[in-house]
């Protein structure tokens, strides 16, 4: 490793390889104070990379931070223009090829010094790498060594992802058939003749599930045994049961009131995705507003939580997304542009479950998958964002039958990040009142308002303290509006 001095302005903090969920301002302030009294810090770890900025000069060299972000921030806040660095590799690395390696190196450094990684951080890293590594280049053992945890812990965290990645073509066919796809549509997707698809569906036998359970095998083992994803394994196991019995089998409490608070996502259902919602929330929506066999549309399917829950509760399902996940064959590519009047569904729908971006909340995450021709909804200016939903609700009304249900999940978005509550500008906000007004205007009658609050755990103690000091009022509210087509 090569030691040198770098200008603090020449370094890049790449959050894609940053192992923590958030920066600790408290730690930065402590380091600034230490610098003021002459403390010496070890060099931060950096790496030169190319192929870093999509759409830019991929041959340009970027110097990114591998370890020492808190120290770097402290040097900048203290007015220091130079900082000692040590290079992870002496040469220049291709960023895209080495991205996982760099993340693991950063994580390993943060398991031995400074603010140690939390278990939640380690789990998030392991799952993120598993998603990005469909060829299983990084084994559970390799991940465990880097993250400083047991192999069993890593296996527990990523089993559902690995199972989905190794699903056989036969399992994909069974999944699509149970979601209501025609054999012709399935055959076109998987590249087999319609007769062969029919044979696979007719010969599918998974009768040994009960025997395997009696032998002490768990559902993860059963999914792997049959080369299918975990959600499909659960769907087959619980097939034919009453909806209430499925809630019981999954250890989900069935809530018969209008507040559905679930702090954690059930990793058995849905893939990691920005803004992922709990499967329990979707299950409650299906329980109260649909029946087995009903048809559900998911216009912005993301990581497939709605897909897996529809599979489990035996609802037919169509879904679309701007850039579908490659492990989600049931999610079809589509860019919603209501200006064109295009509606890609011919089936009669019973429910539309619509969980769009909450204005600009996930703009950065969605923007990576968007283009100038197919922009992310969250990147639209406020007026265009509002107009999009006006047009979409109108289009949905035109293409659904009277009595169809629209379940719309969203949250207030206000300019509260650095603004005291009394000084917020309503002109910068998009709230549930706006969505309710649009629904009413476009022919939908709101029948229920169900509160589905976000967890307060997403706010660190430092953030809360800063908000209290500045009288900033944040939001953890999230609401499911149920509307009926009239």
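Each value in this text was obtained by applying a stated rule to the coordinates, not by laboratory testing. Computed from a prediction, not measured in an experiment: that's the story for all the values here. Every residue, glycine among them, receives a Cβ derived from its backbone with ideal geometry; neighbour counts consider all protein chains shown.
Laid out as a table, the results:
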| read-out | value |
| --- | --- |
| Between 0 and 90°, nearest 10: helix 25-36 axis offset from the chain longest Cα axis | 10 degrees |
| Where labels lie 7 Å past Cα in the beta-carbon direction, separation of residue 185 and residue 462 in nm | 4.9 nm |
| Structure-based [θ]222 nm, the chain - -39500 (n - 2.57) summed over DSSP H runs of at least 4, per residue, nearest 500 | -11500 deg cm²/dmol |
| Cα-derived Rg to Rh of the range 82-149, Kirkwood definition | 0.99 |
| Three-way shape label, the range 39-158, alpha-carbon gyration tensor, a/c 1.5 | oblate |
| Cβ crowding within 10 Å averaged over residues, with 447-455, 59-67, 422-430 ranked highest first | 59-67, 447-455, 422-430 |
| Per-peptide average of other Cβ atoms within 10 Å, ordering 18-31, 170-183 highest first | 170-183, 18-31 |
| Nearest-ten-degree value, helix 119-132 long axis tilted from longest Cα axis of the chain | 70 degrees |
| For the range 109-258: rounded, prolate or oblate by the Cα gyration tensor [a/c cutoff 1.5] | prolate |
| Gyration tensor verdict on the range 417-486 (Cα atoms; rounded if a/c is under 1.5, prolate if a/b is larger than b/c, oblate otherwise) | oblate |
